[in-house]
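Have a look at the structure below, then the notes.
The values are calculated or read from the model by the stated rules, or taken from the named source; none is laboratory data. Keep in mind the model is a prediction, meaning the values are calculated, not measured. Note that each Cβ is placed from the backbone with ideal geometry, even for glycine, and that neighbours are counted across all protein chains shown.
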Amino acid sequence: MTNGDKGSRARSIAGFILMFLPALGLAGSSLVKFAHVPGVVHKMTLLGFGGEKLTLIAALEIVSAFLFVFSKTRSFGLLFLSAFLGGAISAHVQSGAFGDAGGPAVFLLLAWVGTWLRHPEMLWSFKEHGSGENFSAVKTEATWASREA
């Protein structure tokens, strides 16, 4: 095994661990909500998610975790997870519970960093292509004409 292979393997393992942690956390959080643990029910009710809404939140939480864990649905899962956790952060901030927004923010950070470590190609759009022409907002007539030809 070469040094490049070891680095790639270490990166992949670290990515897996960082991706697994938020998925596990979301699954656990979902189960607690499904079980209607009194403290969780109280906090969620204060955020406006009591009763049937709590069950819906728990279902969305577990679905996002499962979509993210499986490699075939990971890209969609990351988007779903990002939207879900963004909503959780927003709900906490809106209610004034800024400290409670830290949990979803950390899960979101771990999910993105873990995915990047495991799948570095996910940031393909940030790579420079050629001379930087793709990033120029100003195009001349000659440039457009050459593309049409």
Open item on the list: I'm trying to understand the selection: among the residues of the stretch 45-79, which are touching a Leu at 6+ places or on another chain (Cβ under 6 Å) and aliphatic (A, V, I, L, M)?
Closed with: Ala65
Open item on the list: Among the residues in the stretch 118-134, are any modelled with pLDDT of 90 or more and either part of a helix (DSSP H, G or I) or acidic (Asp, Glu) (or both)?
Closed with: yes
Open item on the list: Tell me yes or no: at least one residue of the stretch 47-59 is surrounded by 13 or more Cβ atoms within 10 Å (Cβ to Cβ), touching a residue at least 12 places away in the same chain (Cβ under 8 Å), aromatic (Phe, Trp, Tyr) and over 25 Å from Phe16 (Cβ atoms).
Closed with: yes
Open item on the list: Quick check on my filter: what residues within the stretch 60-73 are part of a helix (DSSP H, G or I) and either in contact (Cβ under 8 Å) with a residue 40 or more places away in the chain or within 15 Å of Leu21 (Cα to Cα) (or both)?
Closed with: Glu61, Ile62, Ser64, Ala65, Phe66, Leu67, Phe68, Val69
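Any chance the stretch 1-14 includes a residue that's under 16 Å from Leu108 (Cβ atoms), within 17 Å of the chain's Cα centre (by Cα) and modelled with pLDDT under 95? So that I can check it myself, show each step before the final result.
Initially, the stretch 1-14 is screened for residues under 16 Å from Leu108 (Cβ atoms), giving none.
No, the conditions are met nowhere in the stretch 1-14.
For the stretch 7-24, indicate whether the set of residues that are farther than 25 Å from Thr115 by Cβ, of a type in the set (S, T, N, Q) and surrounded by 12 or more Cβ atoms within 10 Å (Cβ to Cβ) is non-empty.
Filtering the stretch 7-24 down to residues farther than 25 Å from Thr115 by Cβ leaves none.
So far as the stretch 7-24 goes, no, none of its residues is farther than 25 Å from Thr115 by Cβ, of a type in the set (S, T, N, Q) and surrounded by 12 or more Cβ atoms within 10 Å (Cβ to Cβ).
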Task: Tally of residues being without any contact (Cβ under 8 Å) to a residue 40 or more places away in the chain and closer than 22 Å to Phe34 by Cβ across the stretch 74-83 - done: 3
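Okay, residues lined up against (1) over 20 Å from Trp124 (Cβ atoms); (2) at pLDDT below 95; (3) over 15 Å from the mean Cα position of the chain (by Cα):
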| residue | (1), (2), (3) |
| --- | --- |
| Val63 | yes, no, no |
| Ser71 | no, yes, no |
| Arg74 | no, yes, no |
| Ser82 | no, no, no |
| Gly86 | yes, no, no |
| His92 | yes, yes, yes |
| Gly96 | yes, yes, yes |
